[in-house]
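Beneath this line is the structure, given in structure tokens, with notes to follow.
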Amino acid sequence: MTYQPPTALPRGLLDDPDVQHALETHDFGRVFRIARERARISYSKIAAECDIKPDRVGTLARGQGRITSFDKIVQIADALRVPGHLVGLAPRPWELGASPAGTSSAEIGSPSMRRRTILQAATSASLAAALPVLHRPEAPHSITSTYVDRLRERTTRLRRLDDVLGGGDTYRVYHAEVQATKTLLRHSSFNGSARRQLTGLLAEQAQLAGWAAFDAGRTRDAVGLYEESRTAAQDAQDTDLYANSLAFLAYQVIADAPHKAVAFAEDSCAAITTRTPATVQALLYERLAWACAADGRAADTDKALTSARHALDNAPDGEPQPDWAAWVDHAELDIMTGRCWTELRRPLRAVPVLTRALSQFTDAHARDKALYLSWLADAYLTAGEVEAAAATTGRALELSTGVASIRPRQRLTPLLNRLRTHADIGEVRQVLEQARG
């Protein structure tokens, strides 16, 4: 007999449009709240079956924080007996009544199998919304520009995963795209300029995979992919992607070698031409600003930030922007501005701009918002506003829970160490206890 957990949602609830919308958008806090109110399923039962701390379940139910990791989403779906298609999963084993052919029950429970499963099906509003299919379009006998455009559109959809997932979840997906494109370049024939275009796409995909590797803590993999991207961009004669590969290399080495990071970033900005789109210019200049801030160069930081803002303010109407830089806007530039002034220990400049920018970010962008809050907390602490720093750190901790990225914790650990010197303050004791939990 198939086990039926005490948290299984009644069929009537699963058919409810509000519940279905919450499941599709992965608003599990709302699902938990509805389950308690309408099915009398307690938070303690949900916590036990989903392996989530009881206070965390309550926090999610109040609309604070998000569940973003593959493993936890699978666990919640199984505990609540939510059919896979409602949350972007393939059918779960308990739906099928048996393990898929050729698959052991141990394999189904493994992280690798669960990640493959969650990526096999997607709904328009689910976690894998950017993945209508995982398999690539079948390659024609001879690669054409039209086919490369289809692959580029696929890369654009895949990039959206980075909005809500950490590199620990996306790296293998992105790296597989790099490998598949390299295989095409090695073994296919090409029409016209299709080879050069596909080589440019390889440069773009290697940057995406490198970023995911960096986010997941795979430093050597990230550097290798950025170097590969630089070579591919040169071969494709794509100046903008070449410049961006240098900017990525600058970002990669900034912690250990800020002087080297500045050199990389300066070279990337030197590659800007009159044809470089506004968002690309802003991206390159803001990364130069960050490198200069890490190197303690306040005047150069300010100059680079001014150049980035000028690029955005004077973008020609209707100018096409590459998707890999389209996310750079005034809110993003405000975040980088606040980060730079925090790094330079100028909290009176940092706090207002970070506060303004953060008001535009929802909790769905959990990793990024947690990171941005860490800089705001850092600025508060530098300004001596210990209680505000503690509260902001606590909020960042909530958001970073379950995110497959090493960066939020890397940012928050030194903050928590600094806060320990103020452990006599109630708000600080509370956030230190939260961190231990």
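Numbers for the structure displayed
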item: Qualifying residue in the range 384-392 (condition: within 23 Å of the chain's Cα centre (by Cα) and modelled with pLDDT of 95 or more); result: yes
item: Hits in the range 152-185 (condition: within 30 Å of I67 (Cα to Cα), crowded, with 16+ Cβ neighbours inside 10 Å and among the aliphatic types (A, V, I, L, M)); result: L158, L161, V164, L165, V173, V178
item: Test: residue in the range 421-435 that is surrounded by fewer than 24 Cβ atoms within 10 Å (Cβ to Cβ) and either among the hydroxyl-bearing types (S, T, Y) or within 17 Å of the chain's Cα centre (by Cα) (or both); result: yes
item: Count of the range 208-222 residues which are open to solvent by 10 Å² or more (accessible area, probe 1.4 Å) and either among the small types (G, A, S) or in a helix (DSSP H, G or I) (or both); result: 8
item: Identity of the residue in the range 223-258, open to solvent by 10 Å² or more (accessible area, probe 1.4 Å) and polar (S, T, N, Q), that ends up modelled with the lowest pLDDT; result: Q252
item: From R30, R38, R66, residue being in contact with a His (Cβ under 9 Å, 6 or more places away or on another chain) and more than 20 Å from S400 (Cβ to Cβ); result: R30
item: Members of the range 57-80 that are in a helix (DSSP H, G or I) and open to solvent by 30 Å² or more (accessible area, probe 1.4 Å); result: D71, K72, Q75, D78
item: Residue ID - farthest from G166 (Cα to Cα), chosen from residues in the range 379-437 that are acidic (D, E) and in a loop (DSSP other than H, G, I, E, B); result: D424
item: Any hit, the range 99-114, residues being under 22 Å from G402 (Cβ atoms), polar (S, T, N, Q) and modelled with pLDDT of 60 or more; result: no
item: Members of the range 280-322 that are polar (S, T, N, Q) and within 24 Å of K260 (Cα to Cα); result: Q281, T301, T306, S307
item: Count - residues of the range 263-282 that are open to solvent by 10 Å² or more (accessible area, probe 1.4 Å) and touching a residue at least 40 places away in the same chain (Cβ under 8 Å); result: 2
item: Cβ-Cβ under 9 Å pairs, at least 6 apart or on other chains, the range 226-239 side under 15 Å from A213 (Cβ atoms), far side at pLDDT below 95 and polar (S, T, N, Q); result: Y226/Q252
item: Filtered residues of the range 393-416 (kept if over 13 Å from the mean Cα position of the chain (by Cα), of a type in the set (V, I, T) and open to solvent by 30 Å² or more (accessible area, probe 1.4 Å)); result: T401, T413
item: Residues being open to solvent by less than 40 Å² (accessible area, probe 1.4 Å) and without any contact (Cβ under 8 Å) to a residue 24 or more places away in the chain - total across the range 1-41; result: 4
item: Near pairs, Cβ below 7 angstrom, 6+ apart or cross-chain, from the range 342-363 (in contact (Cβ under 8 Å) with a residue 60 or more places away in the chain) to any residue that is part of a helix (DSSP H, G or I); result: D363/K369; D363/L399
item: Yes/no for R287 being closer than 27 Å to G168 by Cα and modelled with pLDDT under 95; result: no
item: Test result for A255, out of contact with any helix residue (DSSP H, G or I) (no Cβ under 6 Å at 6 or more places or on another chain), farther than 19 Å from W324 by Cβ and free of Cβ contacts under 8 Å to residues at least 24 places away in the same chain; result: no
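Conditions (1) in contact with an Asp or Glu (Cβ under 9 Å, 6 or more places away or on another chain); (2) farther than 26 Å from G58 by Cα, marked per residue:
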{"residue": "V351", "(1), (2)": "yes, yes"}
{"residue": "H365", "(1), (2)": "yes, no"}
{"residue": "A390", "(1), (2)": "yes, no"}
{"residue": "I425", "(1), (2)": "yes, no"}
{"residue": "E433", "(1), (2)": "no, no"}
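The values are calculated or read from the model by the stated rules, or taken from the named source; none is laboratory data. Worth saying up front: this structure is predicted, and the values here are computed from it rather than measured. Here the Cβ is made from the backbone with ideal geometry for all residues, glycine too, and neighbour counts use every protein chain on show. Each accessible area value is taken on the protein alone, full model and side chains, heavy atoms only, with ligands, DNA and RNA left out. Shrake-Rupley method; radii C 1.70, N 1.55, O 1.52, S 1.80 Å.
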